[in-house]
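> The structure follows.
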């Protein structure tokens, strides 16, 4: 365990920790064009690269650095690496599968350097780096062909391999692994399995954080699980924290965070969107409005880590951080022993 993470473990028992906001939202403000994404390194690339935000860690690192800086400046304890799609499967959309490890490593190194600079400035408030592991552009549980429900574009072993490759590239530069925006629990299980292989290969473990996403007001992930069933499915990983992010704004996410906080015997992480997207795909929720919801979660003892997903800016994160600065963190509940199983719903058989 790193020295920084040891301090994080102490801090989380004393206060609510703050995660950063949306990398993609911040990058959009720069109005980058195709040439900005290509840089000199990929000026002759055959496929369009605009929109490949992870690649900017190589081709336009100063922009990514500035985003990390802005979130640390408003008090974030953690930043996520700019590696949400830095896997061979997701990078195939840009014809860059072979470049995925280099992209992942660049994103991790960049976040590490900024975090270390801020830790040196504020040694009483260490800044940690979470290696962001996204859900992939392909799913193991659902068929992309309506006429063939049994069809899968990828196998479990292929998903494990792509995650392992990404994690190995980031491993030496991050404090923990964040498996996030999980809409398919089987993809998440592949990521969890990949961590075990990486930890064995590296000879040491990193903390794991896992965040699912409830896709709409049905209260289920895209692959159909309730929040409680999702937790049962991944609890064996013994994550440092489990939570929810994306898809919903804070107002709609509340009941699912509340449910998770009651069943999970670990820290709770929550980073909702800044509301729901408008007709132009933009997020209108103000920092004050978003904070009015998540601050109440903190006041009611439901969370340990708060941040923001799509649409959330440094203003949102700074506002949340100030609002919960004197609020006690959630106490991890003691959950009685039972046989716990899950499909789409959870099942518990007490001993």
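The values are calculated or read from the model by the stated rules, or taken from the named source; none is laboratory data. Please read these numbers as outputs of a predicted model, since none were measured by experiment. Note that each Cβ is placed from the backbone with ideal geometry, even for glycine, and that neighbours are counted across all protein chains shown.
> Determine which single condition residue 156 fails, assuming it passes every other condition in (1) touching a residue at least 24 places away in the same chain (Cβ under 8 Å); (2) under 30 Å from residue 16 (Cα atoms).
In the conditions (1) touching a residue at least 24 places away in the same chain (Cβ under 8 Å); (2) under 30 Å from residue 16 (Cα atoms), residue 156 misses (2) alone.
> Out of the residues in region 235-263 meeting the condition of being in contact with a helix residue (DSSP H, G or I) (Cβ under 6 Å, 6 or more places away or on another chain) and farther than 23 Å from residue 311 by Cα, tell me which one is surrounded by the most Cβ atoms within 10 Å (Cβ to Cβ).
260
> Which condition does residue 212 not pass, out of (1) surrounded by 21 or more Cβ atoms within 10 Å (Cβ to Cβ); (2) more than 16 Å from the chain's Cα centre (by Cα), if it passes all the others?
(2) is the only condition that residue 212 fails.
> Something else: Between 51, 95, which is out of contact with any helix residue (DSSP H, G or I) (no Cβ under 9 Å at 6 or more places or on another chain), surrounded by fewer than 16 Cβ atoms within 10 Å (Cβ to Cβ) and closer than 20 Å to residue 166 by Cβ?
95
> Here's something else I'd like to know. Taking the criterion of being farther than 30 Å from residue 9 by Cα, in contact with a helix residue (DSSP H, G or I) (Cβ under 7 Å, 6 or more places away or on another chain) and in a loop (DSSP other than H, G, I, E, B), would at least one residue in region 55-68 satisfy it?
The answer is yes; a qualifying residue exists.
> If I go through region 266-320 residue by residue, how many of them are touching a helix residue (DSSP H, G or I) at 6+ places or on another chain (Cβ under 7 Å) and in a helix (DSSP H, G or I)?
14
> State yes or no: is residue 199 in contact with a strand residue (DSSP E or B) (Cβ under 9 Å, 6 or more places away or on another chain), surrounded by fewer than 21 Cβ atoms within 10 Å (Cβ to Cβ) and part of a helix (DSSP H, G or I)?
When the stated conditions are applied, residue 199 does not pass them.
> Based on what the data block shows, is residue 244 at pLDDT 95 or above, within 14 Å of the chain's Cα centre (by Cα) and closer than 20 Å to residue 346 by Cβ?
It is true that residue 244 is at pLDDT 95 or above, within 14 Å of the chain's Cα centre (by Cα) and closer than 20 Å to residue 346 by Cβ.
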